Amino acid sequence: MANHLSFQEDGTFKILQFTDVHIGDGTDGAEQDRQSIVLMERLIEQEQPDLIVYTGDLCWSHGVDDPRKGLRLAISPAVRSGLPWAAVFGNHDAEGSVTREQLMDVMRESATCLAEPGPAELSGVGNYALPVHGSTGGKEAAMLYFLDSGGEAPEHIGGYEWIHSDQVEWYAQVSRETTKRSGAPLPSLAFFHIPLPEYDEVWRAGNISGNKFERVCAPKLNSGLFAKMVEMGDVMAAFVGHDHDNDYVGELHGISLCFGRTTGYNCYGRLQRGARVIELTEGKRDFRTWLRLDDGTVQS
């Protein structure tokens, strides 16, 4: 499929964010996995998005004989829908007997997959950008950035990995090139799995809506991605997963920091399963977002 996303004729572009699906290998947790698949299929039907995005932890891999089987099941609702879809990896996708490169190969078996391995010299696998073109099919009207936030940090540091400085500079370079082509920073969104340290800061600042039922599991090191996004002036919002019991949205220095809603049943969490929906409007540096839940309710 050609990598060509466009705003609809009415000037909207809708993204459906699945996160932390955590599909197993079809044995333990098989019923929970079935619930997760049914939920994703229903949400796709209800929202009819222009793009489906998985923000990490699509499958379990630790102790699983064939994580690729779980990944194929996790992406199956998007594949069957025929809609364009993209993904970034989480910290659990490649813990076991599979690599990120192998999982990327599995995803790219789908003709509607827009995920890319990204530059081989960068940290991680799956650093790429997708332009959204105008409704008339012309110039780029928005940009979507996807970053691999890694897995576990080195033992002497502890906790979770961070988005590395080479990835931050790659984002900045793509942003500069896009701004030069467009004549101004394009309205942009960023997607990755592990929240930045600023997600804790925005909660403490109080300008938020939504739930926080667990600590923010951010890396111990701050590599400066948030500061770089502020400097570049294009990213309006970042969307992550990882923390199953957080779903809040808050604004810090002009950028909205947003958690998705955990989608998978085969993992911990007190929040009702669902997904976050994001809608862009062509020509506006603005977006709307809401949650669509398993019981059919919609939360702003």
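The values are calculated or read from the model by the stated rules, or taken from the named source; none is laboratory data. The structure presented is a predicted model; accordingly, all values stated were derived computationally and were not measured. Neighbour counts run over all protein chains shown; Cβ positions are idealised from the backbone, glycine included. Please note that ligands, DNA and RNA were not included when accessible areas were found on the heavy atoms of the full protein model with its side chains. Shrake-Rupley method; radii C 1.70, N 1.55, O 1.52, S 1.80 Å.
What number of residues within segment 113-134 satisfy the criterion of being over 17 Å from the mean Cα position of the chain (by Cα) and open to solvent by less than 60 Å² (accessible area, probe 1.4 Å)?
5
Quick check on residue 195: is it farther than 16 Å from residue 220 by Cβ, in a loop (DSSP other than H, G, I, E, B) and either touching a Phe, Trp or Tyr at 6+ places or on another chain (Cβ under 7 Å) or touching a residue at least 12 places away in the same chain (Cβ under 8 Å) (or both)?
So residue 195 fails the test.
Looking at (1) in contact with a strand residue (DSSP E or B) (Cβ under 7 Å, 6 or more places away or on another chain); (2) crowded, with 19+ Cβ neighbours inside 10 Å; (3) of a type in the set (A, V, I, L, M), can you tell me which one residue 83 breaks?
(2)
Going residue by residue through segment 141-153, is there one that turns out to be surrounded by 20 or more Cβ atoms within 10 Å (Cβ to Cβ), more than 16 Å from the chain's Cα centre (by Cα) and of a type in the set (A, V, I, L, M, F, W, C)?
Within segment 141-153, one or more residues are surrounded by 20 or more Cβ atoms within 10 Å (Cβ to Cβ), more than 16 Å from the chain's Cα centre (by Cα) and of a type in the set (A, V, I, L, M, F, W, C).
Which one of these does residue 158 not meet: (1) within 29 Å of residue 5 (Cα to Cα); (2) assigned to a loop (DSSP other than H, G, I, E, B)?
Against the list (1) within 29 Å of residue 5 (Cα to Cα); (2) assigned to a loop (DSSP other than H, G, I, E, B), residue 158 comes up short only on (1).
Going by the structure shown, is residue 90 modelled with pLDDT of 95 or more, surrounded by fewer than 18 Cβ atoms within 10 Å (Cβ to Cβ) and touching a strand residue (DSSP E or B) at 6+ places or on another chain (Cβ under 8 Å)?
no
For segment 29-38, indicate whether the set of residues that are in a helix (DSSP H, G or I), more than 12 Å from residue 264 (Cβ to Cβ) and of a type in the set (D, E, K, R) is non-empty.
Scanning segment 29-38 turns up at least one residue that is in a helix (DSSP H, G or I), more than 12 Å from residue 264 (Cβ to Cβ) and of a type in the set (D, E, K, R).
Looking at segment 2-25, which of its residues are under 16 Å from residue 84 (Cα atoms), in contact (Cβ under 8 Å) with a residue 60 or more places away in the chain and in a loop (DSSP other than H, G, I, E, B)?
Those that are under 16 Å from residue 84 (Cα atoms), in contact (Cβ under 8 Å) with a residue 60 or more places away in the chain and in a loop (DSSP other than H, G, I, E, B): 3, 4, 7, 8.
For the list (1) farther than 19 Å from residue 150 by Cα; (2) open to solvent by 10 Å² or more (accessible area, probe 1.4 Å), I need the number of the one condition that residue 77 fails.
So the condition that residue 77 fails would be (2).
Check off (1) buried (at least 23 other Cβ atoms within 10 Å of the Cβ); (2) more than 27 Å from residue 4 (Cβ to Cβ) for residue 35 and give me the number that stays unchecked.
For residue 35, the exception is condition (1).
I need the full set of residues from segment 282-300 which are touching a residue at least 60 places away in the same chain (Cβ under 8 Å), more than 24 Å from residue 202 (Cα to Cα) and either crowded, with 17+ Cβ neighbours inside 10 Å or in contact with a Leu (Cβ under 9 Å, 6 or more places away or on another chain) (or both), in order please.
Correct list: 282, 294.
Looking at segment 242-263, can you tell me whether even one residue there is crowded, with 21+ Cβ neighbours inside 10 Å, acidic (Asp, Glu) and closer than 26 Å to residue 61 by Cβ?
yes
Taking residue 112 and the conditions (1) out of contact with any Pro (no Cβ under 9 Å at 6 or more places or on another chain); (2) farther than 20 Å from residue 241 by Cβ, which numbered condition does it fall short on, given that it satisfies the others?
Answer for residue 112: the failing condition is (1).
In contact with a helix residue (DSSP H, G or I) (Cβ under 6 Å, 6 or more places away or on another chain) and either aliphatic (A, V, I, L, M) or open to solvent by less than 10 Å² (accessible area, probe 1.4 Å) (or both): does that describe residue 175?
Yes, satisfied.
With the checklist (1) of a type outside the set (S, T, N, Q); (2) farther than 14 Å from residue 255 by Cα; (3) in contact with a strand residue (DSSP E or B) (Cβ under 8 Å, 6 or more places away or on another chain); (4) open to solvent by 10 Å² or more (accessible area, probe 1.4 Å) in hand, flag the one item residue 205 doesn't pass.
Single failed check for residue 205: (2).
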